[in-house]
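Have a look at the structure below before the remarks.
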Amino acid sequence: DAGRPGAPMEPAPSSRAAAAVAAARGAVGAPYAWGQAGPDAFDCSGLTSWAYGQAGVSLPRTSQGQLHAGRHVPLEQALPGDLVVYRSDASHVGMYAGGGQVLHAPRPGARVRYDPVGMMPVAAVVRP
């Protein structure tokens, strides 16, 4: 993440995106729970929709809906706050945090955490 020593500091594309990233960072360590959208537990799209909600932005509740919730940008141009939608069926979503990392709620039994953006096949990067 951009807070780690040596990680590049990348600006968020807007103040709303910066606020969403800050909210998602605050959720690190919260448990995964299917169908949950915070503030105490999250599934993948619940985390991203909740984080953007904290910034005053309404996103669709599902990862498939979030695939169409903004402008698509190339992965190489991802900025903090962009949504990274995974797999061809858009079955997972995380939030780009900068420094090649995403924040996401990975799966049952796991907690909200940072992982490398390339942890699984990227379908799209969406800038809400």
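Sort 86-99, 27-40, 49-62 for me by packing, meaning the mean count of neighbouring Cβ atoms within 10 Å per residue, highest on top. Could you put the intermediate results ahead of the total?
On the way: 86-99: 20.9, 27-40: 15.2, 49-62: 18.6.
Highest to lowest by the protection proxy: 86-99, 49-62, 27-40.
Dipole of region 36-97, Cα-centred, from +1 at each Lys and Arg C-beta and -1 at each Asp and Glu C-beta, to the nearest 20 debye?
Dipole magnitude for region 36-97 comes out near 140 debye.
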message: Leaving out ligands, DNA and RNA, and with a 1.4 Å probe, what % of the accessible surface on the chain is carbon or sulfur?
response: 54 percent
query: Placing +1 at every Lys and Arg Cβ and -1 at every Asp and Glu Cβ, with all other atoms neutral, what dipole size does the chain have around its Cα centre, in debye to the nearest 20?
result: 100 debye
query: How much length, in nm to one decimal, is gained on full extension between residue 77 and residue 122, taken as 0.36 nm per residue of separation minus their Cα-Cα distance?
result: 14.9 nm
Furthest towards positive pole of dipole, 78, 12, 31, structure part region 1-104, Cβ charges: 12
task: Report the extension gain between residue 16 and residue 28 in nm, rounded to one decimal, defined as 0.36 nm multiplied by the number of residues separating them, less their alpha carbon distance.
output: 2.4 nm
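Give me Rg over Rh for region 57-128, both radii from the alpha carbons and Rh done the Kirkwood way, two decimal places. Can you show the working numbers first?
Working: Rg = 11.1 Å, Rh = 12.0 Å.
Looking at region 57-128, the ratio lands at 0.92.
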- prompt: For region 24-128, what is the accessible area per residue in Å² when the probe is 1.4 Å?
  reply: 43 Å²
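Taking Cα pairs under 8 Å and at least six residues apart, what relative contact order does region 47-128 come out at, in percent?
In percent, rounded to a whole number, it is 33.
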- line: Checked the chain against the a/c 1.5 cut and the a/b vs b/c comparison, axes a ≥ b ≥ c from its Cα gyration tensor; verdict rounded
Full-extension gain in nm, residue 58 to residue 89, via 0.36 nm per residue minus C-alpha separation: 8.9 nm
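The values are calculated or read from the model by the stated rules, or taken from the named source; none is laboratory data. From a predicted model like this one, the values you see are computed outputs, not experimental measurements. In this analysis, Cβ positions are derived from the backbone assuming ideal geometry, glycine residues included, and neighbour counts consider all displayed protein chains. When the accessible area is computed, the model is the full protein with side chains, heavy atoms only, and any ligands, DNA or RNA have been set aside. Shrake-Rupley method; radii C 1.70, N 1.55, O 1.52, S 1.80 Å.
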